[in-house]
């Protein structure tokens with residue numbers, strides 16, 4: 001039956017999570033992937049490097065475990081057409097401070113190519129709204145990322 005195969009595939013994807021991986025890590029990785037591919041549908045090597053580095057730093061993962069997490073998240077994103085499942089996990093598991101940190105991570109991915117596309121901006125606005133991060137907090141997170149990247153905010 002088709003539905004049984006789908007559930008088996010999802011379960012297989014979850015089994016590929018790194019040791020100690022959980023739904024929060026998967027949700028964060030999936031949101032970072034969404035930010036990386038929202039404009040062109042491509043997860044280029046530079047974006048991959050940034051996502052891997054962010055996941056390693058945030059969750060204290062080894063490079064191999066970060067790779068496994070990205071692979072599991074990619075499978076989950078391919079079968080999910082909504083952000084709600086990912087943001088729901090983030091809402092239930094992260095403090096306000098950590099949610100803002102996630103928005104910073106998303107800004108960093110969005111600026112991977114040095115330019116913010118309107119689709120990336122829209123995605124960040126949607127995710128921030130879904131995880132209850134205010135416009136002010138989102139703007140401050142963006143400012144901090146631009147400062148770290150040595151970029152000037154657009155006026």
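Read-outs: derived from the displayed coordinates by stated rules, not from any lab. Please read these numbers as outputs of a predicted model, since none were measured by experiment. Every residue, glycine among them, receives a Cβ derived from its backbone with ideal geometry; neighbour counts consider all protein chains shown.
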Report the full-extension gain for the segment residue 37 to residue 151: residue separation times 0.36 nm, less the Cα-Cα distance, to one decimal in nm.
-> 38.9 nm
Degrees between helix 2-15 axis and first principal axis of the chain (Cα, 0 to 90, nearest 10) | 60 degrees
Of 65-76, 94-105, 40-51, 116-127, ordering from highest average Cβ density within 10 Å down gives 65-76, 94-105, 116-127, 40-51
Please tell me the relative contact order of the range 2-149 in percent, rounded to the nearest whole number, where contacts are Cα pairs under 8 Å and at least six residues apart.
-> 30 percent
Taking 0.36 nm per residue of separation and subtracting the Cα-Cα distance, what length does fully extending residue 119 through residue 82 add?
-> 11.8 nm
In whole percents, the bins of 5 Å from zero upward hold the Cα-Cα pairs of the range 21-155 as 2, 11, 23, 25, 23, 12, 4, 0, 0
At R0 = 30 Å, FRET efficiency that the Cβ-Cβ distance of residue 24 and residue 143 yields, to 0.05 = 0.70
Degrees separating the helix 135-149 axis from the principal Cα axis of the chain, which is the longest one | 80 degrees
In degrees rounded to 10, the 0-90 angle between helix 23-37 Cα long axis and the longest Cα principal axis of the chain is 60 degrees
Nearest-0.05 FRET efficiency for residue 74 and residue 134 at R0 = 30 Å, using Cβ-Cβ distance, is 0.50
